[in-house]
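One structure is given here, and the rest of the page talks about it.
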Amino acid sequence: MKEIYEDIILRHLKEIPEEGVRMALDAYGGPVRTICKNILFDCTSEDVEEAVADSFVELWKSANRFDKRAGYSLKSYLYGIARHKALDKRRAMNKAGEHLPIEEVALQAEVDIEGDYARKLNDNIVHDTVEHMEEPMRSVFILRYFYFAKIKEIAVRLGLTPKTVENHLYRGKDRLRLELTERGIRYE
C-alpha cells in the first residue's frame, strides 16, 4: 500500500508538482523536519524550516532521476535528501571555523574517484550495510546517524542501557568501515 502511495506521489511530482510536493509534505513532513532539526539543533527555527523546504524542492527537482528499482523507497530517498540539505546548511554556517560532530567526521570516507557516482556508490554501500545489520544494532545505527538522536534518547526508546547503545554504535561503525574497505573505499 505504501509503495502504491509513493508511486502516486512520484507521478504527481512529475506531472503536477504542486500536488506532489503537498502530498510528500503531508506524508513525510514530520520526519523530514525531525531530521533537519536534529542536525541543526543549535540553529534558529527559520534555518530548520529552510532546510526542510530545500529538501522538498530537491525532491521535486530530482523526481525524474529517482529510480525505485535501485532498491530504495521514495521515503528513504527523501530522508537522505533532508540529511544532506541540513548538513549542507550546517557546513555553510560553520565556515567560521567550527567543525562537524566527531560522529559525522568518522563516517566520511575518502575515495579514489570523484563525483556523484562515487557518492552514490558510497551511499548504496552504507544503506546496504545498515539494512543488513541485526537488531537492535540496525535501529541504534539508524536513530543515531540518520535521525541524529542522542544516545540516552536511543537507550530509552529501545529499552537498552546507554552503554549497550554505545557498544552497538562502535561495532556498527567497525562493520561499516570493514564493508567500505572490502568494496575498495579507503579511510585515511
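The values are calculated or read from the model by the stated rules, or taken from the named source; none is laboratory data. Predicted model, so just to flag it, every value in this text is computed and none were measured. Here the Cβ positions follow ideal geometry from the backbone for every residue, glycine too, while neighbour counts run over all protein chains shown.
List of remarks:
- Which numbered condition residue 110 fails, given (1) in contact with a strand residue (DSSP E or B) (Cβ under 9 Å, 6 or more places away or on another chain); (2) modelled with pLDDT of 80 or more: (2)
- The criterion of at least 3 residues that are surrounded by 13 or more Cβ atoms within 10 Å (Cβ to Cβ) and among the small types (Gly, Ala, Ser) is met by the following helices (runs of 4 or more DSSP H) wholly inside the stretch 1-61: 17-39, 45-61.
- Selection of the stretch 22-47 for residues being under 14 Å from the mean Cα position of the chain (by Cα) and not charged (D, E, K, R) yields 28, 31, 32, 34, 35, 36, 38, 39, 40.
- Selection count, the stretch 162-188, where residues are at pLDDT 85 or above and surrounded by fewer than 13 Cβ atoms within 10 Å (Cβ to Cβ): 3
- Options 86, 63: the member that is under 23 Å from residue 149 (Cβ atoms) and not assigned by TED's automatic domain parsing to the domain that holds residue 125: 86
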